Amino acid sequence: IRRVEETTVLNETLRESEERFRALVETSADWIWEMDPDGVYTYASPQVSRILGYGPEELFGKTPFDLMPPDEAERVTTEFNRCVALRLPIAALENRTVRKDGSVVTLETSGVPRFAPDGAFRGYRGIDRDISRRKRAEEALRQKTRDLEERVKELGCLYEVARVIETEPSVDAC
């Protein structure tokens, strides 16, 4: 009877833990995923629909590289393969991904390697966040900074012209 009670308590604890995990995954704004050792998606949370326009089941059997422009896939594959070879976490890896409608979003990908009880590598579990808005804001800020730097140069030139006019009485102002 004691073993049955222990098993019942363990099962209830496991069920509660699964409910917490499911609620967290389903309410997160980010896309949570799992992939096998070959980088093939085996799980995708429902948020992938909002971020990429694909249903979770549409990603099964695909790799992240299948969803990227070719040049981006080549760049990211190199970094991904390095992480896999060394069994390293993937930390804030920015990548461009093509949505189902053909538009491109910038994702920030982070993940951790998964291992079986015997230590065998099982793939990665991770999260993707759409950072497209942030990347556009960063580019707009860079452009504004370039514009301001150009204005400062122009003001410096105007200052020099004014100084020359002021010190050279023979120069007529316009």
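The values are calculated or read from the model by the stated rules, or taken from the named source; none is laboratory data. In this text, all values refer to a predicted model and were calculated from it rather than measured experimentally. Neighbour counts are summed over all protein chains in view; Cβ atoms, including those assigned to glycine, are modelled from backbone coordinates with ideal geometry. For the accessible areas, the whole protein counts, side chains as well, though only heavy atoms, and no ligand, DNA or RNA atoms are used. Shrake-Rupley method; radii C 1.70, N 1.55, O 1.52, S 1.80 Å.
Number of residues in segment 55-76 that are open to solvent by 40 Å² or more (accessible area, probe 1.4 Å) and within 20 Å of A29 (Cα to Cα) equals 2. Within segment 77-118, restricting attention to residues that are open to solvent by 50 Å² or more (accessible area, probe 1.4 Å), charged (D, E, K, R) and within 13 Å of the chain's Cα centre (by Cα), the residue that is farthest from L52 (Cα to Cα) is E94. One residue stands out among those in segment 138-148 that are open to solvent by 60 Å² or more (accessible area, probe 1.4 Å) and either in contact with an Asp or Glu (Cβ under 8 Å, 6 or more places away or on another chain) or aliphatic (A, V, I, L, M) (or both): the one that is farthest from L59 (Cα to Cα), which is L148.
If you check E12, E34 for being outside any strand (DSSP E or B) and either of a type outside the set (A, V, I, L, M, F, W, C) or modelled with pLDDT under 80 (or both), only one passes: E12.
For the criterion of being more than 21 Å from A29 (Cα to Cα), open to solvent by less than 60 Å² (accessible area, probe 1.4 Å) and not basic (K, R), A162 passes. Remark: pairs (first residue in segment 45-68, free of Cβ contacts under 8 Å to residues at least 12 places away in the same chain; second residue of a type in the set (S, T, N, Q) and surrounded by 15 or more Cβ atoms within 10 Å (Cβ to Cβ); Cβ separation under 6 Å; 6+ apart in sequence or on different chains) = G55/S49. So for segment 149-158 (the condition being part of a helix (DSSP H, G or I), modelled with pLDDT of 80 or more and within 30 Å of T42 (Cα to Cα)), does at least one residue qualify? Looking through segment 149-158, none of the residues is part of a helix (DSSP H, G or I), modelled with pLDDT of 80 or more and within 30 Å of T42 (Cα to Cα). Every condition in (1) part of a helix (DSSP H, G or I); (2) without any contact (Cβ under 8 Å) to a residue 12 or more places away in the chain holds for E79 except the one numbered (2). Restricting attention to segment 119-137, the residues being open to solvent by less than 90 Å² (accessible area, probe 1.4 Å), at pLDDT 90 or above and either farther than 30 Å from G53 by Cβ or among the charged types (D, E, K, R) (or both) number 5.
Under the condition of being part of a strand (DSSP E or B) and among the aliphatic types (A, V, I, L, M), the residues counted in segment 112-140 number 2.
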